[in-house]
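Everything below concerns the one structure shown next.
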Amino acid sequence: MSNHPPSALDDEVLSPERIADPHSYFSVLRTHDPVHWNEKYRAWFIHRYDDVLDSLRDPRFSSERIGPAYDRLTDEQKAQRQPTYDILMDWLVFRDPPDHTRLRRLVSRAFTPRAVEAWRDRIVGVVDELIDGLSSREHFDLIEDFAYPIPAVVIAEMMGVPAADRDRFKDWSDDVMILVFGARGVGDRRARAQQGLIELAAYLGELVAHYRQHPDDNIISNLVEASEGDDSLEDPEIVANCVLFLFGGHETTTNLIGNGMRVLLQHPDELERLRGDPALMKSAVEEILRFDGPSKMEVRTLADEVEMEGKTLPAGDMVYLVQHAANRDPEAFEQPDRFDVTRDPNNHIGFGFGLHFCLGASVARLEGTIALEALVRRLPNLEMGPDPEVWVPTMLSRGLEHLPVSLR
């Protein structure tokens with residue numbers, strides 16, 4: 001590196017400019033300091049495709065960060081946040097083998113290709129119903145009025161939540177978002193959100209008990225019935241991972257649809273290619289996941305010392321694996337800053353890789369593909385609206401809070 005590194009080599013990951021456009025910042029770091037120690041966050045940020053891929057394969061990059069995070073809290077904080085941590089501790093994304101292996105083997109029974117495909121018609125129905133309500137409006141918010149409600153309805157139905165409880169379930173879902181992404185603004189939001197999480201866990205516990213007695217065709221019944229030999233999931237594990245599915249399914253799908261439509265509207269030539277050949281939608285979704293996907297980075301804790309790019313990363317340090325930087329690496333992708341709905345091959349890591357590859361990726365792909373295909377086909381006069389877009393200012397995910405659009 002030169003003695004005068006680019007000014008972008010500071011540690012302000014969440015400045016408004018970098019929330020709006022993280023790619024320019026990540027590009028500079030990927031080129032000039034690919035394994036970067038960020039003093040502000042006291043963590044390593046890894047930016048090159050091969051390094052991120054190697055890290056996702058390497059067991060020294062541990063996912064068990066909830067226990068250590070809990071241990072760092074004061075006694076008062078521990079007492080306050082115990083209910084949240086009790087649930088997060090059982091999330092399979094925060095476990096390493098052998099616990100992760102066992103949980104994933106049992107939980108994945110709910111996400112077989114056949115089980116996911118069975119939901120296609122219902123997703124189509126939800127999407128068409130929403131577009132019916134939007135097609136006569138001159139302006140609307142693509143997130144609030146379309147991308148957000150789709151997974152809210154679908155994940156509730158997939159879990160077996162009765163229709164009468166959907167609104168409560170949606171409120172609890174918002175509470176989970178606050179806890180996972182941090183409470184901004186109002187001081188008591190974390191406490192209120194945790195109370196919502198406690199209520200959600202109690203409600204899911206009742207659903208688990210119900211479906212143990214009255215099995216049905218839904219995720220909770222599948223998890224109740226999942227077994228291998230003498231092993232099966234305990235009720236707290238089912239409840240905790242249903243909270244994970246609620247959060248993950250909601251967040252990922254909303255952002256995939258919102259980011260995807262925004263990218264298509266910003267690339268009218270590619271949008272026209274898609275209109276001319278709807279069969280390209282499958283590869284277009286993969287390109288959206290690469291170009292501006294819903295997952296910005298993944299977090300790991302080093303279980304052992306690691307040497308990378310000439311640097312020593314000590315055991316115990318936190319590491320951010322920057323998928324957005326890796327997915328724009330010119331060493332891995334030809335013309336990486338070009339959006340191309342026909343890109344092939346496209347070995348992006350938008351859903352992670354290896355042991356922790358996103359369990360709900362098939363659901364997100366299905367919902368995203370159906371939603372984007374319907375928008376492109378049914379609203380050919382859709383364009384960006386007059387008001388500015390608003391991004392959610394978070395580290396790990398990439399998503400819009402508001403995307404105003406208009407119908408010409």
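The values are calculated or read from the model by the stated rules, or taken from the named source; none is laboratory data. Note that this is a predicted model, so its numbers are computed, not measured. Here the Cβ is made from the backbone with ideal geometry for all residues, glycine too, and neighbour counts use every protein chain on show. Accessible surface is based on the protein model in full, side chains and every heavy atom, while ligands, DNA and RNA are left aside. Shrake-Rupley method; radii C 1.70, N 1.55, O 1.52, S 1.80 Å.
Things to note:
- Test: residue in segment 267-284 that is closer than 20 Å to PHE111 by Cα and either in contact with a Leu (Cβ under 7 Å, 6 or more places away or on another chain) or open to solvent by 40 Å² or more (accessible area, probe 1.4 Å) (or both): yes
- Single match in LYS296, LYS311 (criterion: open to solvent by less than 20 Å² (accessible area, probe 1.4 Å) and charged (D, E, K, R)): LYS296
- Subset of segment 314-367 [part of a loop (DSSP other than H, G, I, E, B), polar (S, T, N, Q) and open to solvent by 10 Å² or more (accessible area, probe 1.4 Å)]: GLN335, THR342, ASN346, ASN347
- Hits in segment 210-244 - residues which are of a type in the set (Gly, Ala, Ser) and either modelled with pLDDT of 95 or more or exposed (fewer than 12 other Cβ atoms within 10 Å of the Cβ) (or both): SER227, GLY229
- Cβ-Cβ under 9 Å pairs, at least 6 apart or on other chains, segment 392-408 side within 16 Å of ARG18 (Cα to Cα) and part of a strand (DSSP E or B), far side open to solvent by 10 Å² or more (accessible area, probe 1.4 Å) and of a type in the set (D, E, K, R): SER397/GLU251; LEU400/ARG262; LEU400/GLU389; GLU401/GLU144; GLU401/GLU389
- Scanning segment 71-94 for residues that are over 20 Å from GLY196 (Cα atoms) and of a type in the set (Ser, Thr, Tyr) yields a single hit, THR74.
- Looking across GLU287, GLU373, GLU389, one residue alone is touching a residue at least 24 places away in the same chain (Cβ under 8 Å), open to solvent by less than 30 Å² (accessible area, probe 1.4 Å) and under 19 Å from THR253 (Cβ atoms). It is GLU287.
- Search result, residues across segment 76-92 that are surrounded by fewer than 18 Cβ atoms within 10 Å (Cβ to Cβ) and among the polar types (S, T, N, Q): GLN77, GLN80, GLN82
- Residue in segment 219-228 that is of a type in the set (S, T, N, Q) and in a helix (DSSP H, G or I) present: yes
- Failed item in (1) open to solvent by less than 20 Å² (accessible area, probe 1.4 Å); (2) at pLDDT below 90, with VAL161 passing the rest: (2)
- Top-ranked residue of segment 55-75 - restricted to ones that are within 25 Å of GLU331 (Cα to Cα) and under 21 Å from the mean Cα position of the chain (by Cα), ranked as most open to solvent (accessible area, probe 1.4 Å): ARG57
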